[in-house]
Amino acid sequence: GQKAGTGVHVLPQSYWYELLYGTVLLALCLVVCLVGASIYAKATFIIFLIVAGVLGTILVSFFATRPTGVPIRLPHFNGSEIENGSFTGFSFATLQSNLGGGYGVDYTTGQIMSFGSVFAVMFNGCTGIMAGSNMSGDLKRPSYSIPRGTISAVFFTYVVYNVLAFLMCATCNRVLLQKDYGFLRDISIFPPLVTVGIYAATLSAAMSNLIGASRILYALARDDLFGRALALAKKTSANGNPVMAVIISWLVVQLVLFSGKLNTIAGVVTTFFLLVYATINLACLALEWASAPNFRPTFRYFTWHTCLSGIIGCCLMMFLISPVSASVSLGFLLVLLLALHYLSPSSTWGYISQALIFHQVRKYLLMLDVRKDHVKFWRPQILLMVQNPRGSARLIDFVNDLKKSGLYILGHVELQDLDTLPSDPLQPQQDSWLSLVDKLNVKAFVSLTLAPSVRHGVRQLLFTSGLGGMRPNTLVLGFYDDAAPQDGLAQHPAFTSPREDVPLGFPPLRAPGDPKLLSAREYVGIVADALKMLRNVLLARQLESLDKAWELQWASSPSPAIHVWPINLLRPDSARYADTCSLFLLQMACVLNMARAWRQAHLRLFLCVEAGAMAHSQEEKLRQLLKDLRIQAQVHLVPWDAVTCLHWQTRQDPPGGPMPARALEEEKEGAVNFPANATQVSDEYVCAANKLVLEQGPTPALRFLYLPRPPADTSLYPLYLHQLELLTRGLGPTVLVHGVSAVTSTQL
């Protein structure tokens, strides 16, 4: 008991008795909520009528009750110590004296009150406006009922609280307001009715929060947002009432009852409610800023300014009430977000983060102007053509290291005609490809296309892949040879786990005797097309034999090496180290060496020299070039007189006069011209060049070789491919490189 006067204590008063009373009332709320939402709605309506009647008598009492004194017994004094409050009736002097702050001691907790603590206590009386949203699953027309019910509740609560505040401040002195929280009984024309109204309002708020919390808990459990942690809360009764969620919520509230006084936990409760309102405002703000077309709020006064104001206001009040509670609640929110990130499955209702990312990416893509490209900031943007991912797992992983934060696209051509098909056959395959990207942990996009031939499909992808300033500038192909494809996915760690299955969307690999999907002529034609479109080209051979797990061990001895041959071995008479293609080859080797998995490897650059060709001078020039480009590499001189003599023995001047202009142009570009009346390298020479490369030990992890242009005469495409095969035979993982764009700069 806290006061004397007209109040009468029917029940014993102590901490344990009050805990008992609270437990009994909470059990009553539990019974109502266990029965279901329908009886809760009926009980709430009856309580509303009771509270409205009590409120009416209180409003009348302010006018009907005569001025009187109210003796108050303070709980921290003995029973004889009494302080007097007074009900003055309507008085301007009373109103004026109550307008100031004058915060005192809360007699229920013994703590000095402040604006923040008073706000925390008052705010708990406004949290019922979310009851409709919490029960959205039980409403017939939630989109209709929630906005109207919530706005009506806010308006009604605002008016009632302000009217009561004005009437109390104009009729009761400060002592009565601060020392007796139950003073409305003392001034009422029918005091017992006020007690009934207080209990009814408290019961209504308790039931509202209990059933609302249980519905939210059930929704979290049903959607598996926290995995199996909330599996128990999924259980419902025969009529769909989430009984286990209600019981769990009841247990949590029962624990809170041990705090004893509402004002003790008011700050913590209000902080969490403010955090909820701030996140609701944040969700609406994110939807508005994402410019999602389907976000069309019916509230005509909605604007992002109100959302932002709500977020700022909630956060400010959280820290004004209790900086410690606000910090703890934000930390708790962070823990929940981390739990959601790691425990929740893929949702079917969409992610607002995806809408925001799309909005920002679109904006920045428009700002990425290709006309402002500069060689200083060049990076590889790669289109890797994959026929079947089962045979290309390590190649996909290798190109992921080679991209250096650039664009990476996995391209695939499906040989079908859409005119003869009932629907697009690529759509069902899309999920398998995206799943492959996730499990291989590569940062790549997927681009699939239909075409009558592989060559036409690659053309389509080179023309259309990418967006704005992010388009492929480099084409990567697997090598065209007779090697039987190996299923790399079957041995890949991402697919050998017992929990993982190899994606079923990919067909089995081609058997060794089965025909290929494209001919040698078409394959070389793809290379020629890419070069005509000013795309750099990389041909990767035997990359499936590259195992980074053991090839690139940090503690390996000797450390792994990357061999770089920046010279056109198929054109010894026009070999240069500083042309565009050679510099591009150096750049790609350096880019690979910068990747985390390849940092322990050393670049070894091979300089082919002939007797009497001032080898020392050539070496110094090459070292100076590497220094200017800031490329760290070991330079090794390789005498190749024995190889080039094979070329000069078979070389003959073309009869009938000089070579045509087209051939001369390709001579300068380093092309392999094999017309019948022009220079030709023999297979014997190519095999000797292959042996020269192979003899430079120890065996490296990877080799980069110069890829010459295809011949102008398409009839010589098979011969061109045959000599590339001879050149790279038995070399292990090898990448043939031809660059058409300047990619190096000494200005950074």
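The values are calculated or read from the model by the stated rules, or taken from the named source; none is laboratory data. Bear in mind the structure is a predicted one, so any value in this text is a computation, not a measurement. Note that we place each Cβ from the backbone using ideal geometry, even for glycine, and neighbour counts take in every protein chain shown. For accessibility, only protein heavy atoms count, side chains too; no ligands or nucleic acids. Shrake-Rupley method; radii C 1.70, N 1.55, O 1.52, S 1.80 Å.
Heavy atoms only, probe 1.4 Å: what % of the accessible area of segment 219-337 goes to carbon and sulfur, would you let me know?
Numbers: 5150 of 7060 Å².
Heavy-atom surface of segment 219-337 belonging to carbon and sulfur, 1.4 Å probe: 73 percent.
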Convert each backbone phi in segment 486-491 into a coupling constant with the Karplus relation 6.51 cos²θ - 1.76 cosθ + 1.60 (shift: θ = phi - 60°), then list the ³J(HN,Hα) values in order as whole Hz, x for Gly and Pro.
10, 6, x, 5, 5, 9
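For a distance above 18 Å, tell me the whole-number percent of Cα pairs in segment 265-367 that qualify. Could the numbers behind the result be given before it?
Working: 3158 of 5253 pairs.
More than 18 Å apart: 60 percent of the Cα pairs in segment 265-367.
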What percentages make up the Cα-Cα pair-distance distribution of segment 303-462 when the bins are 10 Å wide from 0?
8, 21, 27, 21, 14, 7, 2
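Could you sort out which of Lys532/Lys691; Lys376/Lys532; Lys363/Lys627 sit more than 30 Å apart by Cα distance in this structure? Let's see the in-between values first.
Numbers: Lys532/Lys691 32 Å; Lys376/Lys532 24 Å; Lys363/Lys627 39 Å.
Distance filter (> 30 Å) returns Lys532/Lys691; Lys363/Lys627.
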Between Leu320 and Leu308, the two model label points (7 Å from Cα along the beta-carbon direction) sit apart by a distance in nm of 2.0 nm
Two-site label geometry, Phe299 and Arg729: point separation in nm, points 7 Å out along Cα→Cβ
7.7 nm
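Taking R0 as 25 Å, what FRET efficiency do you get between Thr65 and Val160 from their Cβ-Cβ distance, rounded to the nearest 0.05?
Working: r = 19 Å, r/R0 = 0.78.
My answer for the efficiency is 0.80.
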Please report the relative contact order for the chain, taking Cα pairs under 8 Å with a sequence separation of at least 6, and give it as a percent rounded to a whole number.
10 percent
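For an R0 of 30 angstrom, estimate the FRET efficiency from the Cβ-Cβ distance between Asp628 and Asp573 and round to the nearest 0.05.
Working: r = 27 Å, r/R0 = 0.91.
With a Förster radius of 30 Å, E is 0.65.
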Under a 1.4 Å probe, what is the accessible area of the chain per residue, stated in Å²?
54 Å²
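Sort 722-733, 58-69 for me by packing, meaning the mean count of neighbouring Cβ atoms within 10 Å per residue, highest on top. Please report the intermediate quantities before stating the final value.
On the way: 722-733: 19.0, 58-69: 14.7.
Per-residue Cβ counts within 10 Å, averaged per peptide and sorted highest first, yield 722-733, 58-69.
Tell me the carbon and sulfur percent of the accessible area for segment 595-639, rounded to whole percent, probe radius 1.4 Å. The partial results should precede the final answer.
Numbers: 1340 of 2690 Å².
Carbon with sulfur: 50 percent of the solvent-accessible area.
Decide, for segment 351-412, between rounded, prolate and oblate: order the square roots of the alpha carbon gyration tensor eigenvalues as a ≥ b ≥ c, take rounded if a/c falls under 1.5, and otherwise choose prolate if a/b is larger than b/c, else oblate. Don't jump to the answer; show the numbers that get you there.
Values: a/c = 2.72, a/b = 1.37, b/c = 1.99.
Judged from the Cα gyration tensor, segment 351-412 comes out oblate (a/c at least 1.5, b/c at or above a/b).
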Once every DSSP H run of n ≥ 4 in the chain is given -39500 (n - 2.57) and the sum is divided by its residues, what mean residue ellipticity at 222 nm do you get, rounded to the nearest 500 deg cm²/dmol?
-16000 deg cm²/dmol
Per-peptide average of other Cβ atoms within 10 Å, ordering 703-716, 506-519 highest first:
703-716, 506-519
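Test of understanding: what is the full-extension gain from Gln600 to Arg148, defined as 0.36 nm times their sequence separation minus their Cα-Cα distance?
Stretched out fully, the Gln600 to Arg148 stretch lengthens by 156.1 nm.
According to the square roots a ≥ b ≥ c of the eigenvalues of the Cα gyration tensor, what is the shape class of the chain, taking rounded for a/c under 1.5, prolate for a/b larger than b/c otherwise, and oblate for the remainder? Could you put the intermediate results ahead of the total?
Working: a/c = 3.60, a/b = 3.09, b/c = 1.17.
Verdict is prolate for the chain.
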